[in-house]
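To start, the structure itself, in structure tokens.
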Amino acid sequence: MSEVRTLVDPTSERSPTLRERVPRLASLEGRTVGLLDISKARGDVFLDQLEQGLRRRGAQVERYTKPTFTKPAPIDLRHEISVKCDAVVEALAD
Amino acid sequence: MEPVTRPMLPSGVVAFVKRDCPTCELVVPVLAEIAKRSKLTIFSQDDPAFPEGLDAQDETGLALSWHHGIEAVPTLLRVEEGVEVARAVGWHRGDWEALTGIRDLGPGLPDSRPGCGSLSVDPTREPELRARFEGGRLQSRRIELAEFEDEQETMFARGWTDGHPVVAPTEGRVLAMLEGTGRSPDEVVAEVPPDLAPCTVEKVAVNAVLAGCRPEYLPVVLAAVEAVCNDTFNMHGVQATTMGVCPVLIVNGPIRRALGMNAGIGVLSPGNRANASIGRAFQLVIRNVGGSRPGEIDRSTFGHPGKLGTCFPENEEDSPWEPLSADAGFEPGTNTVTVFAGEGPRLVVDQLSRDPESLVRSLAACLRTVHHPKMGVAMAALLVVGPEHGRVFRDAGWSKQRLKDALNEALLAPGSTLMRGADGIAEGLPLPEAMRDAQIPKFRPGHLHVAFAGGRAGLFSVILGGWLTGPQGSQLVTKEVKG
């Protein structure tokens, strides 16, 4: 066997893409905040509390649920949140 | 690297020879005779000065030999307009006369004599030749090493390994690995989570080299990658969960024996090359192509030593039952790989049960502890029955389904014992009071799986606890292994 001098890359050869974050909201007044329940136990308890707090601060709230916490959110759900909401909170729990 | 086009042969009679071949020496007078009476071109693989006076062409680069499949010298070809129309291998008077149309060749020679191996198929040269002539088939990025760079340190630094040394994926080794399948290197096998990166046959082959596979193992690794990369198995969740499961590969069909896999003593131990390297290659694909690494997308609290690779064959020959692949509808005798999201193996010791009723109760008592004795309903498990336990069921004439039914029946428990707070334990199922008397199953129906393997001595079986199953979790998947 000849000496090893060239290797074949075993990876996907992908480079991560860095994206700018959306600017932080200056105020919640009149803005729509999505609350995404990933379907873990008691995630709804946490989000109920959060919804009350957000509404007190003048925000509108949209509630969303992933079909299961074990899989990524379906693309249609991600798209809907992105076009309807100004901000989103994703809730883990247990 | 540019693909090398196949070099053309000159028309007429063409001979491949080497000096280091007694048969080639023997036929020099015959070649001289042919040269007088026909258009003859001689290619000499090791010394262009041989045979003297016959104006041999320099074939030390072996390009023609490689591309035209010369396996022995002397080889005589008849070529018409660049196309080979006849071939004679070694010295055989009748064949050479028929090919050249010249009678009474080599009057003082024996009628025939076998040749020697062509340098183009010499095992010490083949990997380098394959890389030179077929390297253009590979699309992956090449990484050049500096003169004093240690390839192992480079591969560790690049994060390609599981913490153990790997075999350096040279072009020659990757191309040799690809000989293990008839599939095209650029065929996309699957999109591998979590990055959902398209994974080609070539990328699987590169990782199979890293893992130490032989080329004939490659089809099993390819099938395993296909088996996990779908919504049913849910590789994303299996890899991302804080719990501790990993894909367990179970191989069925004649390929188990063809690859020399171990289904007997120490079936789950390291030591058998096929068991170990197929499982490892699969895991390296998930790591290197899917981009899953502990602490990143792999969030498992404790991890799992089986993530180095867990792969074993069923012992179909001694099993009382049809193979695991038959549970998925495959005919016995089909080569398949089944994937199950499993925890590490835990032994069940029962050395006294001699009837199936007692043994079932033992196995059920141990299966009840998977995850937590008070959890159940949506879970899965794989029970690997050992030969001495299997004998108890065989002697009693129990089918696999009867065993599963009996286990599920024995595992039913009243809600009152499983609810949160019961037995002074906060953990438990979130059951309403109305279900105190309901009989609750441990496993989701159809998700207690049974396989057969292990050494012949020892009244033991093994449990591999599962994960959340059904459409919300990970379900067992069986794929056919194709060439």
Order of B:Val13, B:Val189 under a 10 Å beta carbon neighbour criterion, fewest first: B:Val189, B:Val13
Dipole moment magnitude, nearest 20 debye, the stretch B:339-408 about Cα centre, only Lys, Arg, Asp, Glu C-beta charged: 100 debye
Estimated vicinal HN-Hα couplings, Hz - the stretch B:341-350 in sequence order (Karplus 6.51, -1.76, 1.60; Gly, Pro = x): 7, x, 6, x, x, 10, 7, 10, 9, 9
Cβ-derived FRET efficiency at R0 35 Å, A:Asp94 paired with A:Arg57, nearest 0.05: 0.85
Which of B:Leu145, B:Leu222, B:Leu382, A:Leu25 has the fewest Cβ neighbours within 10 Å, and the rest in rising order: A:Leu25, B:Leu145, B:Leu382, B:Leu222
Percentage, to the nearest whole number, of Cα pairs in the stretch B:357-457 over 17 Å apart: 53 percent
Size of electric dipole in the protein assembly as shown: Cβ of Lys, Arg +1 and of Asp, Glu -1, about Cα centre, debye, nearest 20: 1820 debye
Chain B - percent relative contact order, Cα under 8 Å, separation 6 or more: 13 percent
Histogram of C-alpha separations across chain B, 10 Å bin width, %: 4, 17, 21, 17, 14, 11, 8, 5, 2, 1, 0
Two-decimal ratio, the stretch B:89-199, of alpha-carbon radius of gyration to 2.2 N^0.38 Å: 1.75
Long-range tail of P(r) for the stretch B:278-424 (Cα pairs > 26 Å, %): 41 percent
Over the protein assembly as shown: helical MRE at 222 nm, DSSP H runs n ≥ 4 each giving -39500 (n - 2.57), nearest 500: -8000 deg cm²/dmol
Qualifying aspartates and glutamates (Cα of each under 20 Å from Cα of A:Lys84; at least 8 residues distant if same chain): A:Glu20, A:Glu29, A:Asp37, A:Asp48, A:Glu51, A:Glu62, A:Asp76
Net charge contributed by nearby residues that have their C-beta within less than 13 Å of B:Gly182 (K/R +1, D/E -1): -1
Spacing of the two label points (7 Å from each Cα toward its C-beta) at B:Asp46 and B:Val377, in nm: 7.6 nm
Global size of the stretch B:1-132 as Cα Rg and Dmax, reported in angstrom: 14.2, 50
Charge tally in the Cβ shell below 13 Å around B:His164, where Lys, Arg are +1 and Asp, Glu are -1, B:His164 excluded: +2
Distance cut-off 19 Å, percentage of C-alpha pairs in the stretch A:32-91 lying past it: 27 percent
Relative contact order (percent, whole number), chain A, Cα cutoff 8 Å, 6+ residue spacing: 38 percent
Neighbour net charge for A:Arg55 - beta-carbon separation under 15 angstrom, K R +1, D E -1: -1
Residue-wise HN-Hα coupling along the stretch B:256-264, computed from phi with Karplus coefficients 6.51, -1.76, 1.60 (Hz; x: Gly, Pro): 4, 7, 4, 8, x, 6, 9, 10, x
Where the Cα pairs of the stretch B:131-188 fall when distances are cut into 5 Å bins, in %: 4, 15, 23, 22, 19, 13, 4, 0
Convex hull (Cα only) mean projected area of the stretch B:60-110, reported in nm² to one decimal: 4.3 nm²
Among the listed pairs B:Lys18/B:Lys203; B:Lys400/B:Lys482; A:Lys40/B:Lys307; A:Lys71/B:Lys307, those beyond 30 Å (Cα-Cα): B:Lys18/B:Lys203
Burial ranking of peptide ranges B:398-404, B:199-205, A:47-53 (average Cβ count within 10 Å, highest at the top): B:199-205, B:398-404, A:47-53
Amide hydrogen neighbours beyond the local backbone of B:Val481, cut-off 5 Å, H modeled: B:Asn335, B:Thr336, B:Val337
Mean projection area, nm², convex hull over Cα of the protein assembly as shown: 36.9 nm²
Using alpha-carbon coordinates, inclination of helix B:356-367 to the longest axis of chain B, degrees: 90 degrees
Proximal lysines relative to B:Lys404, as straight alpha-carbon distance under 18 Å, when same-chain residues fewer than 8 apart are discounted: B:Lys442
Under the Karplus curve 6.51 cos²θ - 1.76 cosθ + 1.60, θ = phi - 60°, whole-Hz ³J(HN,Hα) for the stretch B:161-178, x wherever Gly or Pro sits: 10, 8, x, 9, x, 10, 7, 5, x, 7, 4, x, 5, 5, 5, 5, 4, 5
Largest-first principal axis extents, alpha carbons of the stretch B:268-344, Å: 42, 28, 22
Footprinting exposure proxy for B:Ser416, A:Ser12 (fewest neighbouring C-beta atoms within 10 Å first): B:Ser416, A:Ser12
Average beta-carbon neighbours from other chains, 10 Å sphere, peptide A:10-20: 6
Amide H contacts of A:Val61 (H built 1.01 Å from N, under 5 Å, at least 5 apart or other chain): A:Val33
Euclidean distance between Cα centres, the stretch B:1-42 to the stretch B:420-483, Å: 68 Å
By average C-beta atoms within 10 angstrom, highest first, the peptides B:160-170, A:83-93: B:160-170, A:83-93
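None of the figures in this text is laboratory data; all of them are computed from the coordinates on show. Just so it is clear, the structure is predicted and the values come from calculations on it, not from any experiment. For neighbour counting, all protein chains shown are included, and Cβ atoms are generated from backbone atoms with ideal geometry for every residue, glycine included.
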